[in-house]
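Chemist: Please read through the structure below; I'll follow up with questions.
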Amino acid sequence: MLQLIAAPNLDLLQDAQVQTFAVEYSAQHISCPKCCSDNISLNAPNFIFSNSEGVNKFTFPPITGWEMGALALFFKTAGHFPRTVVFDHIPGFKVISATTGQQDVSLEFYADSKLLNFMGINDSLSWLTLTLRANQLEELAESILDSAANCK
């Protein structure tokens, strides 16, 4: 038996124009040493990505200030590192970045859908692929660091 498989010319796809997303960041403050008796600061980062095709939301669970700092460092360096970078410090969640051009960075956000459902985060995607500019990632990192500070 002979089977013929036709595959598209992948070289043509690499030359296609990349459409970047606009990004909006917010964080839900859960607790910090100033507002409760716990010694840990917890915030839940929320990302809203939009382009001409629509709006996508990705939500992380409540994470500590240390984890927020690690996430900010990931976004700060992702646009400047020539290889794939993986952020997997939060169990059940992962972000993978790869530079795709001079200023473009491809990002893949993954979340365990069962974990999202268990935590009651029903309005978040469990998988999302998008492209951002390196300067957008740096601004995002600064926003994350600002939101990790204790509440006023």
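The values are calculated or read from the model by the stated rules, or taken from the named source; none is laboratory data. Note that the coordinates shown come from a computational prediction; the quantities given were computed from them, not determined experimentally. Every residue, glycine as well, gets a Cβ built from its backbone with ideal geometry; the counts of neighbours run over all protein chains shown.
Chemist: Residue check, ALA148 against (1) at pLDDT 90 or above; (2) closer than 30 Å to SER37 by Cα; (3) crowded, with 19+ Cβ neighbours inside 10 Å, all met but one. Which one?
Modeler: Here ALA148 clears every test but (1).
Chemist: Additional query: Pick from ASP123, ASP112: which is within 18 Å of PHE47 (Cα to Cα), acidic (Asp, Glu) and at pLDDT 90 or above? Full working, then the answer.
Modeler: Numbers: ASP123 fails: at pLDDT 90 or above.
Only one candidate qualifies: ASP112.
Chemist: Condition first: closer than 17 Å to ALA44 by Cα, surrounded by 16 or more Cβ atoms within 10 Å (Cβ to Cβ) and in contact with a strand residue (DSSP E or B) (Cβ under 7 Å, 6 or more places away or on another chain). Now tell me which residues in the range 75-93 satisfy that. Walk me through it before giving the result.
Modeler: Filtering the range 75-93 for residues closer than 17 Å to ALA44 by Cα gives 75, 87-93.
Okay, now just the ones that are also surrounded by 16 or more Cβ atoms within 10 Å (Cβ to Cβ), so 75, 87, 90, 92-93.
Of everything in the range 75-93, those that are closer than 17 Å to ALA44 by Cα, surrounded by 16 or more Cβ atoms within 10 Å (Cβ to Cβ) and in contact with a strand residue (DSSP E or B) (Cβ under 7 Å, 6 or more places away or on another chain) turn out to be PHE87, ILE90, GLY92, PHE93.
Chemist: Sticking with this one: Name, by its number, the condition in (1) farther than 21 Å from LEU132 by Cα; (2) surrounded by fewer than 18 Cβ atoms within 10 Å (Cβ to Cβ); (3) modelled with pLDDT under 90 that does not hold for SER41.
Modeler: (2)
Chemist: Okay, next question. If you check GLY54 against the conditions, is it farther than 11 Å from ALA148 by Cα and buried (at least 18 other Cβ atoms within 10 Å of the Cβ)?
Modeler: Values: farther than 11 Å from ALA148 by Cα: yes; buried (at least 18 other Cβ atoms within 10 Å of the Cβ): no.
No: the conditions fail for GLY54.
Chemist: I'd like the full set of residues that are closer than 30 Å to ASP38 by Cα, of a type outside the set (Asp, Glu) and surrounded by fewer than 15 Cβ atoms within 10 Å (Cβ to Cβ), limited to the range 94-113.
Modeler: SER113
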